[in-house]
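Trainee: There's a structure below that I have some questions on.
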Amino acid sequence: MAVAGAAAQSLPSSLPAPWWRGRPGAAVLVVAGMLLSYFGWKHHWAWPAALEWNSFSPHLDRFQAWLSNNRNLPHPNIAFRIFNGFANFLDDLVSWLTRLFYYLKWSGTTALGTLVVLRFGGRKAALGTLAAFASFATLGLWDNSVQTFALMFAAVGMSLAVGMPLGVLAGRSATFNRAITPILDAMQIVPAFAYLMPVVILFSVGPGAAVVTTMIYAVPPAIRITALGIRGVAPNTVEAATALGATRWQVLSKVQLPLARRMLLLSVNQTILFALSMVVIAGLIGGTGLGDAVTNGLYTDPAFAIFAGAAIVIMAIALDRATEAMANRTDPAQRHLTAHKAHVLRAYTAACALVVVAAVVLGHVFGAGTVWSRWTAQDWLRTYVQRALDYIQNPGTFLFRNLTNPTGNFLVQHGIQPLRTFFIETPWPATFAGLVLIAFLLSGLRRAAIAAAMLFIVGLVGEWANAMDTFSQVLVATVLTVIVGLAIGVWAAESRTVSRVVRPVNDVLQTLPQLVYIIPFIYLMPVSGVPGVVASVLYASPVMIRLVQRGIEDVSPESVEAATSFGATRAQVLLKVKIPLARDAIMLGVNQAIIMVLAVVVIGGLVGSGALGYEVAQGLQRNAFGQGVIASIAILALGIALDRVTQGRGAAGARSES
Amino acid sequence: MRGRKLAAVAGVLAVGAAAVLVVGSAGARSKASCGTVTLNEQAWAGSTANTYVAKAVLEGMGCKVKITQIAEIPVYQALANGKTDAVLEDWQHVDQYKQYISKQHTVVAGGPNGVVGHIGWYIPTYLMKAHPEFATWKGLKGKESLFKSPESGSQGMFLGGDPSYVQKDAQLIQALGLNFKFVSVGAEPAQVARWSQLYKQKKAVIFYWYTPQYLNTEYQLSEVKLPPRFKGCQDDAKSGGNVKQYKCAYDNTIIEKVFSKKFAGGGSPAYPVLKRFSWSNQDQEIVAKWIAGDHMNPDKAGKKWVAANKAKVNKWLGK
């Protein structure tokens, strides 16, 4: 009943004291104090140099040089040779997979993919897979897609091989879980740009390094969701098994793992999607395929980058739906196999295998290409995409002159700029104290202490001004995300049609590389800062929308019925019952939205948001390793502070991932 | 049940694996004496032009050519390991030269590729015609507000270059005492989007730009002259220090080639050819325009240029 209690607090009618006496009032007071100090002493109190640790960055640079010099000796020591061996193993794995697809020819690859899905996932999912292959062919990106698929296959396999056992451990041991959580946070928040160079020095370039980079990002969800699944198994079931004399191993293999099956499959599914979102980064260090088609396309041929982005989305959606369908269809709890049925299924499997072999043989007999290249619709599609791009790039259109350009300018002049100046120029003690006080009001003493420590770290590494700049943009993006997410999430929960439209749009926004969907906004809202904010909002909204929608749909029908029987209108039910009861889900949405917004900070740096993102990007591109790491530490500290603060009082400890 | 299903899956996989092994061992080795040469192509169009012209030449000699696309700094590790053989357009990565060429001896300098890069402050030519005083930086003084933008407030906006490029514009603005706000708009595609959008509206814009660049054939741009160079003048603000040491025009950049030590010392017939590879800014801009401006297939563009420039190519081939 904690939910209902929390909800009651937010209902104005049930509050005995007026709002200005409560926490909101105190928060307003804090903000007023910050404003006062801004107008009184702006510019006067920059973060003091005495509190900066400036020698950290050169230390890091020297470390990188040392690493490179020792790594590239004619006979490197054993540690480096181990990294070499691992990289070679991954290189071989990826190239073996690629050669397998080449050997199967396009005909065999298509048959294999489609029939595996057909056999285990059913007709609908198989049709989707076939459509995905068809679109790779028509986009003229068969070769790139096959290479990316091989890379993803290896990366996901390795991520699961590492993540699932650790997840089981974390699920069974609370101590281990606590120890590993901050590491997982860091792996997900620290931008890949920061560790790309050390990865390259240790693992060299090529598919191996690309797999390692992808793993750093894709292992955390595998661990987290697996652990959640293991923990979710009812304790009395485990106790019953133990009472019956099961060993620890038996409990795990016969009780916990089978009962956590759905969660384990979800972790496979999420690992795939996380891995796919690293494709573009992997392309920078020799992970061939769709990723470098996107990066190189952006410079010389944006239409081509859009095609490659579309192929990534199609691959993600097809894999998502296929794994989901296979998880549902093969659920032992839902299918009851008789001997006869099993016999039929075996015959079915054999038939599928036979068709695959036939497709391969036919491919070889008729000299089908290793990749599909015979006919593509690329040139035909290009004329349309180019026409759309030309329209977007034309500043004389109605859209640009009257809608997007004024909107962008308004956002900069009345949102981003004033907020940025406010946070940068307010005396740092005022900002510091103000933010910590707000954290205290929102989340209590312990979390406020964490926020204070994190803010201090930001200053200590010398990134106070940049971090405040980034923070102001994160704030604008989060506010917009919450508005968009609440509106669309509520609407989707209330209307089936909207829900059906929103789901694929969400999928596209989460898997399309941000650099691709940001292209139009660079032209349509050409003021620095805005494309970055737009990118964050588009990337973070889907999570917010999903959580809000789920929260509202999960409100118990009894509460709704009760309200309706008292004569409440639909709007009243929504505002007074559903939204307050979904408060926890909504707050979780806000929390996740902030983390997602932070994840796009570096992309923002590449499209003009400046500050920390720019520092990180430059760190990799100009060989300033120290600078990149330090800016990443600031991003991480900011992320942890914001995460802990927005977890709120009610949801203490109940952190769920989605 | 489960065991049988697994067995079936394993069976399918085993057939596939066996098939691959057969093919792998039967796969014919390349007969060409020079084997496979790996060239690295970077994101910008000029680099694509070098790479594909070199590819066409090497393929004409019977080499197989593989192209990698690795970012500018990580590619040095690729050269050190011999995963990439050659980079044909390197914009003076002095730190890397020190570390990989002088210290580790894992990469060797390949000499200039003939293209001379030039960085500077550029404005649209229509603006230069309307304001002839903008020919030098002194003419900008007092007129900065002409370049106002939503994010620059009362100051003028100076559009900075791609964060990965050598630059010192924020320092230059300060040293010259100009009332510009340095605005970073991010990577090159974003920067191009920004200034080309203003160009199309015939508005005032000043930005970091360079030659050779194929877009220079599409847009009419003029350079603003910066103070002359003096001894000890720096171009890369990364080194920090007093802004005064940046108060000069950018130096011309000799574009270099760099090779992997393994490739240079491996006796490949492709090495001397790539070492002699050298062409002009105009050559590169033409090929870059075919590829990026006209969307010609890069392989086709490379072959087209090679066919039309037999004399230059023969020189590279040592004929």
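Trainee: Taking 20 °C and 1.002 mPa s as the conditions, I'd like the Stokes-Einstein D for the stretch A:257-301 in µm²/s, using the Kirkwood hydrodynamic radius from alpha carbon pairs.
Mentor: Values: Rh = 12.1 Å.
Here the translational diffusion coefficient equals 176 µm²/s.
Trainee: Starting from one equal scatterer on each C-alpha and no solvent at all, send me the Debye-based log10 I(q)/I(0) for the stretch A:422-475 at q = 0.21, 0.27 Å⁻¹, two decimals.
Mentor: Values, matching the q order: -0.76, -1.14.
Trainee: Next question. Which one of B:Asn50, B:Asn40, B:Asn252 has the biggest mean-square fluctuation once chain B is modelled by GNM with Cα springs under 10 Å?
Mentor: Of the options given, B:Asn252 has the highest mean-square fluctuation.
Trainee: Please arrange B:Asp236, A:Asp469 by counting, for each residue, the other beta carbons lying within 10 Å of its beta carbon, fewest first. Before the final figure, lay out each step's value.
Mentor: Details: B:Asp236 16, A:Asp469 24.
Least to most surrounded, the residues fall as B:Asp236, A:Asp469.
Trainee: Would you mind telling me which residue in B:Pro189, B:Pro124, B:Pro150 has the biggest mean-square fluctuation in a Gaussian network model of chain B, where springs connect alpha carbons within a distance under 10 angstrom?
Mentor: Maximum among the listed residues: B:Pro150.
Trainee: For the stretch A:545-621, what's the relative contact order in percent, using C-alpha pairs closer than 8 Å and at least 6 residues apart? Kindly include the intermediate steps, with their values, before the conclusion.
Mentor: Details: 52 pairs, mean separation 20.8, N = 77.
27 percent.
Trainee: Calculate the tail of P(r) for the stretch A:45-163: the fraction of all Cα-Cα distances greater than 19 Å, expressed in %. Could the numbers behind the result be given before it?
Mentor: Numbers: 4719 of 7021 pairs.
Pairs farther apart than 19 Å: 67 percent.
Trainee: So which trypsin sites (Lys or Arg not before Pro) in the stretch A:34-103 pass both tests, a DSSP loop state and at most 16 other Cβ atoms within 10 Å of the Cβ? Working shown, then result.
Mentor: Values: sites: A:Lys42, A:Arg62, A:Arg71, A:Arg81, A:Arg99; in loops: A:Lys42.
Filter output for the stretch A:34-103: A:Lys42.
Trainee: In Å, what Kirkwood hydrodynamic radius results for the stretch B:117-246 from the alpha-carbon pair distances?
Mentor: Its Kirkwood hydrodynamic radius stands at 15.0 Å.
Trainee: After finding the eigenvalues of the alpha carbon gyration tensor for the stretch A:202-328, what semi-axes result from the square roots of 5 times each, listed largest first in whole Å?
Mentor: Details: eigenvalues 319, 53, 15 Å².
Over the Cα atoms of the stretch A:202-328, the semi-axes work out to 40, 16, 9 Å.
Trainee: Here is a further query. If you average 1/r over all unlike Cα pairs in the stretch A:487-607 and invert the result, what Kirkwood radius do you get in angstrom? Don't skip to the end; give the middle numbers.
Mentor: Values: mean 1/r = 0.0636 Å⁻¹.
The answer is 15.7 Å.
Trainee: For the stretch B:259-311 and the stretch A:29-61, write down the distance between their C-alpha centroids in whole Å.
Mentor: Centre-to-centre (Cα) distance: 52 Å.
Trainee: Can you compute the radius of gyration and Dmax for the stretch B:168-319, using only the Cα atoms, both in Å?
Mentor: Gyration radius and largest Cα-Cα distance of the stretch B:168-319: 20.0, 57 Å.
Trainee: Taking a ≥ b ≥ c as the square roots of the Cα gyration tensor eigenvalues, with a/c under 1.5 meaning rounded and otherwise prolate when a/b beats b/c, else oblate, which class fits the stretch B:113-184? The partial results should precede the final answer.
Mentor: Details: a/c = 1.83, a/b = 1.27, b/c = 1.44.
Judged from the Cα gyration tensor, the stretch B:113-184 comes out oblate (a/c at least 1.5, b/c at or above a/b).
Trainee: Answer rounded, prolate or oblate for the stretch A:91-388, using the Cα gyration tensor with square roots of eigenvalues a ≥ b ≥ c: rounded when a/c is under 1.5, else prolate when a/b is larger than b/c, else oblate.
Mentor: Working: a/c = 2.31, a/b = 1.29, b/c = 1.79.
Here the stretch A:91-388 falls in the oblate category.
Trainee: Which of the helices in chain B, when you take each full DSSP H run, stretch at least 27 Å along the axis at their Cα atoms and have an average Kyte-Doolittle score of 0.5 or higher? Numbers along the way, then the final one.
Mentor: Numbers: long enough: B:2-26 (36 Å, 1.43).
Membrane-span-like by this criterion, though nothing is claimed about a membrane: B:2-26.
Trainee: Here's something else I'd like to know. Rounded to whole Å, give me the distance from the Cα center of the stretch A:192-212 to that of the stretch B:145-222.
Mentor: A separation of 33 Å, based on Cα centres.
Trainee: Of the cross-linked pairs B:Lys98/B:Lys303; B:Lys262/B:Lys310; B:Lys66/B:Lys257; B:Lys66/B:Lys103, which ones have a Cα-Cα span greater than 24 Å in the structure shown?
Mentor: Violating the 24 Å limit, Cα to Cα: B:Lys98/B:Lys303; B:Lys262/B:Lys310; B:Lys66/B:Lys103.
Trainee: To continue, here is another question. What number results when the radius of gyration of the stretch A:374-430, computed over Cα atoms, is divided by 2.2 N^0.38 Å?
Mentor: Values: Rg = 20.3 Å, N = 57, 2.2 N^0.38 = 10.2 Å.
This ratio for the stretch A:374-430 stands at 1.98.
Trainee: Using the alpha carbons of chain B, what is the convex hull volume per residue in cubic angstrom, as a whole number?
Mentor: Working: hull volume 69.2 nm³, N = 319.
Expressed per residue, the convex hull around the Cα atoms of chain B is 217 Å³.
Trainee: Let me ask you something else. Indicate the helices, whole DSSP H runs only, in chain A that combine a mean Kyte-Doolittle hydropathy of 0.5 or more with a Cα extent along their long axis of 30 angstrom or more.
Mentor: Numbers: long enough: A:78-121 (47 Å, 0.74); A:142-172 (43 Å, 1.00); A:207-232 (36 Å, 1.03); A:302-329 (40 Å, 1.11); A:339-365 (39 Å, 1.38); A:464-494 (44 Å, 1.34); A:530-553 (33 Å, 1.02); A:625-646 (31 Å, 1.53).
Helices passing the filter in chain A: A:78-121, A:142-172, A:207-232, A:302-329, A:339-365, A:464-494, A:530-553, A:625-646.
Trainee: Using Cα centres only, tell me the gap between the stretch A:452-531 and the stretch A:548-622 in whole Å.
Mentor: 11
Trainee: Would you list A:Glu615, B:Glu256 from fewest to most Cβ contacts within 10 Å? Let's see the in-between values first.
Mentor: Details: A:Glu615 26, B:Glu256 19.
The fewest-first ordering by Cβ neighbours comes to B:Glu256, A:Glu615.
Trainee: Using a cut-off of 22 Å between alpha-carbon atoms, which lysines can reach A:Lys341, once sequence neighbours fewer than 8 places away in the same chain are excluded?
Mentor: Hits, sequence-local ones excluded: A:Lys124, B:Lys5.
Trainee: Which one, B:Phe182, B:Phe134, B:Phe230, has the greatest fluctuation when you compute a Gaussian network model over chain B with C-alpha springs under 10 angstrom?
Mentor: Maximum fluctuation in the GNM of chain B, among the listed residues, is at B:Phe230.
Trainee: Now a separate question. Are there any trypsin sites (Lys or Arg not before Pro) in the stretch A:285-369 that are in a DSSP loop and have at most 11 other Cβ atoms within 10 Å? List them by number. Working shown, then result.
Mentor: On the way: sites: A:Arg321, A:Arg329, A:Arg335, A:Lys341, A:Arg346; in loops: A:Arg335.
Those satisfying the criteria are A:Arg335.
Trainee: For each of A:Trp142, A:Trp96, count neighbouring Cβ atoms within 10 Å of the residue's Cβ, then give the residues from fewest to most. Intermediate values should be presented prior to the final figure.
Mentor: Details: A:Trp142 24, A:Trp96 15.
If I rank by nearby Cβ atoms, fewest first, I get A:Trp96, A:Trp142.
Trainee: Which whole-number percent gives the relative contact order of the stretch A:394-646, counting Cα pairs below 8 Å spaced six or more residues apart?
Mentor: Values: 320 pairs, mean separation 68.2, N = 253.
The normalised contact order for the stretch A:394-646 reaches 27 percent.
Trainee: Additional query: What number in nm² do you get for the stretch A:258-351 if you take the convex hull of its Cα atoms and divide its surface by four? Write out the running numbers ahead of the final one.
Mentor: Details: hull surface 33.6 nm².
Averaged projected hull area, Cα only: 8.4 nm².
Trainee: Apply the a/c threshold of 1.5 to the C-alpha gyration tensor of chain A and tell me whether it is rounded, prolate or oblate. Walk me through the intermediate numbers first.
Mentor: Values: a/c = 1.45, a/b = 1.23, b/c = 1.18.
Note, shape of chain A comes out rounded.
Trainee: Which stretch or stretches of the stretch B:214-235 have amide N atoms under 16 Å from the point lying 7 Å from B:Lys141's Cα along the Cα→Cβ direction?
Mentor: In the stretch B:214-235, the label zone of B:Lys141 (backbone N under 16 Å from the point 7 Å along Cα→Cβ) covers B:225-228.
Trainee: Separate question: Would you work out the Kirkwood radius for the stretch A:132-176? I mean one over the mean of 1/r across all pairs of different Cα atoms, in Å.
Mentor: Working: mean 1/r = 0.0786 Å⁻¹.
Roughly 12.7 Å, rounded to one decimal.
Trainee: Let me ask you something else. Using the alpha carbon gyration tensor of the stretch B:242-291, what are the three equivalent-ellipsoid semi-axes (square root of 5 times each eigenvalue), largest first, in whole Å?
Mentor: Whole-Å semi-axes of the equivalent ellipsoid: 31, 20, 8.
Trainee: While we're looking at this one, here's another question. Along each of the three principal axes of the Cα atoms of the stretch B:183-234, give the extent in whole Å, ordering the values from largest to smallest.
Mentor: 40, 22, 22
Quick note: the coordinates plus some simple rules give every number you see, no bench work behind them. Source: prediction; values computed, not measured. As a convention, Cβ positions derive from the backbone with ideal geometry for all residues, glycine included, and neighbour counts pool all protein chains shown.
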